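Inspection log for the structure reproduced underneath, given as structure tokens.
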Amino acid sequence: NFSMKPITIFFFGSFQHYSTLILEALYQNPLIKILGVITSSPRPAGRHLTITKTHTHVWAENHALPVFTPEVLTENWKLKIGNLLGRPNFFVVAGYRNLLPQGWLEFPTVAPLNFHPSLLPNYPGPAQVEWTMLNGEKTTGITLIKMSEEYDQGPIIAQQKLSIKTTDTRDTLYQKLYELGARVIVQILNS
């Protein structure tokens, strides 16, 4: 059906290359239009502390997507970005460092969604995979929630389990969880 308007999104993410996995899946879906990307501001990195953009920032620029790097999500930033890009249907937040204030959460016309790489309510907060592994869990998974003002609270929209293999490392597990998350988010947005 070609008369269907695409679903519009602001994407928030800054977690290494993992956030980009979700951004890329959204970008590749013809029914989804990314209006803009919000990521952490460039920070010193490496031995020479070179000011470095996030992986997500570089990827977005390479794909001609507008990128914003507010240190704090103020009302002014929201108005500035909103005036430039309009109101999206959804926020998709995946590995973004800052808490979104209530004024931002009310901005999308449908819902602000947050991807979390654990089976909430287990392992809220950061370092989900590290805690899961330290505790010797055999299963983990992903949760998609409608965001509220508190970290990792809010109604659960979708969950999917993933077995942890004995060969899994922190990196392989984050990779699998973010890839799974990308598929589930695209599915939910298209349903």
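Using 0.36 nm per residue, how much length does the chain from Thr52 to Glu179 gain when fully extended, once their Cα-Cα distance is taken away?
43.3 nm
Sorted from largest down, what three extents in whole angstroms do the Cα atoms of the range 1-88 have along their principal axes?
On the principal axes, the range 1-88 reaches 52, 29, 17 Å in Cα extent.
Based on alpha-carbon centroids, what's the gap between the range 154-191 and the range 12-26 in Å, whole number please?
Rounded to whole Å, the Cα centres lie 13 Å apart.
Multiply the residue separation of Thr169 and Ala64 by 0.36 nm, subtract the distance between their alpha-carbon atoms, and state the gained length in nm to one decimal.
34.5 nm
Straight-line reach from Lys138: which lysines have Cα under 22 Å away, leaving out those fewer than 8 places along the same chain?
Excluding near neighbours in sequence, the set is Lys161, Lys165, Lys176.
Mind ordering 125-132, 68-75, 5-12 by average Cβ neighbours within 10 Å, highest first?
Result, highest mean Cβ count within 10 Å first: 5-12, 125-132, 68-75.
Give me the percent of DSSP beta bridges within the chain that run antiparallel, rounded to the nearest 5.
45
Please report the net charge: other residues with Cβ closer than 15 Å to the Cβ of Ala94, K and R +1, D and E -1.
Here the count lands on +1.
May I ask you to compute the full-extension gain from Asn122 to Leu31, defined as 0.36 nm times their residue separation minus their alpha-carbon distance, rounded to one decimal in nm?
29.5 nm
Kindly rank 79-88, 178-187 from highest to lowest mean number of other beta carbons found within 10 Å of each residue.
Result, highest mean first: 178-187, 79-88.
Which whole-number percent is the relative contact order of the range 40-117 (Cα, under 8 Å, 6+ apart)?
25
Give me the compactness ratio for the range 82-151, meaning the Cα radius of gyration over 2.2 N^0.38 Å.
1.29
How far apart, in nm, are two points set 7 Å out from the Cα along the Cα-to-Cβ line at Arg43 and at Asn190?
Between Arg43 and Asn190, the simple spin-label model gives 3.4 nm.
Can you compute 3J(HN,Hα) from phi for each residue in the range 54-62, using the Karplus curve 6.51 cos²θ - 1.76 cosθ + 1.60 with θ = phi - 60°, rounded to whole Hz and x for Gly and Pro?
Values per residue, Gly and Pro as x: 5, 4, 4, 4, 4, 4, 4, 4, 5 Hz.
Enter the mean projected area of the convex hull around the alpha-carbon atoms of the chain, in nm², rounded to one decimal.
Reported value for the Cα convex hull: 11.7 nm².
Here, each number is a calculation from the coordinates, and none is a lab measurement. Worth saying up front: this structure is predicted, and the values here are computed from it rather than measured. As a convention, Cβ positions derive from the backbone with ideal geometry for all residues, glycine included, and neighbour counts pool all protein chains shown.
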